[in-house]
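For reference, the structure is listed below as structure tokens.
The values are calculated or read from the model by the stated rules, or taken from the named source; none is laboratory data. Remember, it's a predicted structure, so these values are computed and weren't measured experimentally. Cβ placement follows ideal geometry from the backbone for every residue including glycine, while neighbour counts extend to all protein chains displayed. Protein only, heavy atoms only, side chains kept; ligands, DNA and RNA dropped before computing areas. Shrake-Rupley method; radii C 1.70, N 1.55, O 1.52, S 1.80 Å.
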Amino acid sequence: MSVVLALMVAAAALSPQALAASCPTLPAAPPGMRHFKLSVGKLLNSKTQTLAYNGTAVGPLIRVKLGEPVQIDVTNRDIPDGTSVHWHGQDQPNSSWADGVAFVSQAPIPVGATFSYRFVAAPAGTYWYHSHTGEQFGDGLRGPLIVDDPQDPQKHLYDYDLDAHVIMLADVFSTTVGQQLKKLQASGMAMPGAGGAAAKGGMGGMGGMGGMGGADAAAPPTSCPVSVLDQDISDAPWGGMQANGLGGPGQPPLVLTVAPGKRYRLRFIGGQSSWAFKVGGPAGGAHKLQIIALDGRPVAPRAADAFVISSGERVDAVLAADRPVGNYWLDVTTLTGINSPIVVHYEGAPAPMKDAKFMGSLRANYGCAAGVGGKPGVLDLKNATFAALKTGVVPKAATKSFVLYLANAASSAPPPRTLAALLSPAVAAKTRGFKPDTTPVCPPLPDGSKTNYCWSLNWNIFELPKTPALFPKSTPGPTTYTLEVTQGDVIDIVLVNPTRMVHPQHLHGAGFWVLAAGNGEASVGDAPSGWGYAVIRFRADNPGAWAFHCHIDLHAASGMFSVIAVRPPKGAKWFAPSGAACGAAP
Ligand SMILES: [Cu+2]
């Protein structure tokens, strides 16, 4: 009897319905506050996505001014697991409750409920919103969020900044990301070019190779040999890509209309869940791009034929319509050339879809290019240096620092001793004493089940707490990896990537300075040559529970995730007074 009761209690604690008993809908936004509504639900009869905002391939554009208060009412129409919306890149000062991460800052919004998010729009730039519940964003829950700066310091660089030129990129699949994850957990990662699931144990037999992933060659419509050197590897299958819901398999391309002689600000959003994309060209391309902002922040302009954009990243680039009137391709491809393009259409040119000669030049596959490193003029943003226009005052030193390995938890590669000493004892315990492991296997999942796929931070397979980390009554599980800091701390995080894949790490609730980045030796440790590293610094001045994780959907879902708890000094409130959290204990 008591066992049954305990089980029922546990089940109730997990149900979004029960958790979100108090998931409040606020009254209509007061004057001066912008008000938007999102309806979240299943999308039937689509070949490329299973979930959608407002029933459209890409959620509606939310465009506001810097400093404007915003209210967005989000209704869960029919998603049984619940949902939540994260406002990617927005600082959320004193509004951690509105950050939208299920089980970190809120309970999932249950079916039929409407939760009102409120926050002040800042900073200015190109941002986006997406689900932060389970793996939902890769299934189609993504939309653009633009914050305009009335005093835009780059206004002189372009003539137009059109809604129609906000470009949401996405990789699309015939399976949900959840299904992809289950398959990977069951059979492990395929090696590049291996054409199938790896042997039992995932990386078995490849000791020392770290997290080399592979394209799932089960049924890609087109394929190119993957290039490890250029990082064009993904553990997701390839099903095609879209720009604003167009250009996918069997679809017409996205058309960007321009007037001759004018300059256009194009806002690219890396809404894809797995694959990195190259934007620009074709090689020797018709139009050069002038990059003016990265991840929303203005940078000193820099010209490029093309650039690389990973999951979660944004690139603002000016395209000058300086070619003879006509139609031109603007390529968006994987790094090795699997392609789905955008058309730049000049006013006065024939409609591109009716221009047989032009459309005849569309190649379903541009062939297998040399990749990023092999093409002149292609900027790999990870290795290029950009100067931020506004840096603020960088604190001189950190008060607290962390080292995070972006590790495949089945990897045999041990951290170097000097870095190992910097890991917390709890984390060090999880690294199995740093003994080289000649038969690498993933540790069991937090629920005890076996897995063959285990991305991690410091070998920890993250589990979400049962009640949101932000709530006073939250109790973390054994592998709920929480970095505890105090409001006012200056934090350094050393990110070390010992794997062959890129891992775009995303910090919630704060911007950060990149102090150093590159390959080879990190300035604060001795990462072996060939590993990638980045050292970031930020002010932990925003109290709350903030996610810090890989933005590749599969990686975050498999365990490459952490929570940074910014605790206010003793006696101060954890919630902002305006906090109206979803599922908060009364
Ligand atoms: Cu990753």
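Solvent-accessible surface of protein heavy atoms, probed at 1.4 angstrom with all chains present, puts Arg142, Arg302 in the order Arg302, Arg142, largest first.
Projected label points at Gln179 and Ala516, each 7 Å from Cα along the beta carbon direction, are separated by 4.6 nanometres.
Among the listed pairs Lys65/Lys155; Lys473/Lys570; Lys65/Lys278; Lys183/Lys450, those with a Cα-Cα distance over 21 Å are Lys65/Lys278. Derived value for the stretch 2-151: Kirkwood hydrodynamic radius 16.0 Å. Basis is the mean of 1/r over every pair of different alpha-carbon atoms.
Spacing of the modelled spin labels on Asp159 and Glu68, each 7 Å from Cα toward Cβ, amounts to 2.6 nm.
Residues of the stretch 296-330 with an amide N closer than 19 Å to a point placed 7 Å from the Cα of Thr391 along the Cα-to-Cβ direction: 296-302. Model label sites at Glu484 and Leu246, defined 7 Å from Cα along the beta-carbon direction, differ in position by 5.4 nm.
Assuming R0 = 30 Å, what is the FRET efficiency of His35 and Arg567, from their Cβ-Cβ distance, to the nearest 0.05?
0.35
Note on Thr399: accessible area approximately 90 square angstrom, rounded to 10, probe 1.4 Å, nucleic acids and ligands left out. Looking at the stretch 2-151, the accessible area is 38 square angstrom per residue; that uses a 1.4 Å probe and ignores ligands, DNA and RNA. Taking only protein heavy atoms and a 1.4 Å probe, the accessible area of the stretch 2-151 is 64% carbon and sulfur. Summing charges over neighbours of Pro150, with a neighbour being any other residue whose Cβ is under 11 Å away from its Cβ, gives -2 when K and R count +1 and D and E count -1.
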